[in-house]
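Q: This is the structure I want to talk about, given as structure tokens.
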Amino acid sequence: MRSFLRVLLFQITMSYPVSAQPQAMQGYSTSTSQWNSDVMDCCEDMGICLCGAFVPCILACRVASDFGECCCLPFLPGTLLAMRTGMRERYHIPGSICNDCVCLTFCGQCTLCQMARELKQRT
């Protein structure tokens, strides 16, 4: 049985030889950018600031929706951290998951407002 499988595998690989090698991806930008506002610039947009201060759960749902995710996503643990990290990756903003975690832990509402302002300016 093993010899039959070896012969079959050999025939399959020989009948479909590699005719082209993968090429480099074109059009990928490696440039970096920065956040359009700092974490503590909450008062730059008073609508986002007030929403983040008094009903952050509504703002979190809006951020998730604007980011292209389900609006219920922020109610699951760790998803705001994942969205912030994803936002940094999408817009090529330097930083680390550790920095994201510290910002969300100690300045959660201000960080949420920063994410909302970023999405508002980039979309």
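The values are calculated or read from the model by the stated rules, or taken from the named source; none is laboratory data. Owing to the predicted nature of the structure, the values given are computational and were not obtained by experimental measurement. All Cβ positions, glycine included, derive from the backbone under ideal geometry; neighbour counts span all protein chains shown. Side chains included, ligands, DNA and RNA excluded: accessible areas come from the protein's heavy atoms. Shrake-Rupley method; radii C 1.70, N 1.55, O 1.52, S 1.80 Å.
Q: Looking at this structure, is Ser31 at pLDDT below 95 and over 22 Å from Thr123 (Cβ atoms)? Give the derivation first.
A: Values: at pLDDT below 95: yes; over 22 Å from Thr123 (Cβ atoms): no.
Answer is no for this residue.
Q: Scan Gly86, Gly95, Gly78 and give me the residue that is under 10 Å from the mean Cα position of the chain (by Cα) and over 21 Å from Gly47 (Cα atoms). Please lay out each step first, then the result.
A: On the way: Gly95 fails: under 10 Å from the mean Cα position of the chain (by Cα); Gly78 fails: under 10 Å from the mean Cα position of the chain (by Cα).
From the options Gly86, Gly95, Gly78, the qualifying one is Gly86.
Q: Okay, moving on. Please state which one of Leu80, Leu104, Leu119 is under 19 Å from Thr32 (Cα atoms) and in contact (Cβ under 8 Å) with a residue 24 or more places away in the chain.
A: Exactly one of Leu80, Leu104, Leu119 is under 19 Å from Thr32 (Cα atoms) and in contact (Cβ under 8 Å) with a residue 24 or more places away in the chain, namely Leu119.
Q: Could I ask something else about it? Gly52 versus (1) touching a residue at least 12 places away in the same chain (Cβ under 8 Å); (2) of a type in the set (Gly, Ala, Ser); (3) out of contact with any helix residue (DSSP H, G or I) (no Cβ under 9 Å at 6 or more places or on another chain): which is the lone unmet condition?
A: (3)
Q: Restricting to region 52-85, and then to whatever is open to solvent by 30 Å² or more (accessible area, probe 1.4 Å) and in contact with a Leu (Cβ under 7 Å, 6 or more places away or on another chain), can you tell me which residue is farthest from Gly95 (Cα to Cα)?
A: For region 52-85, the residue satisfying everything is Pro56.
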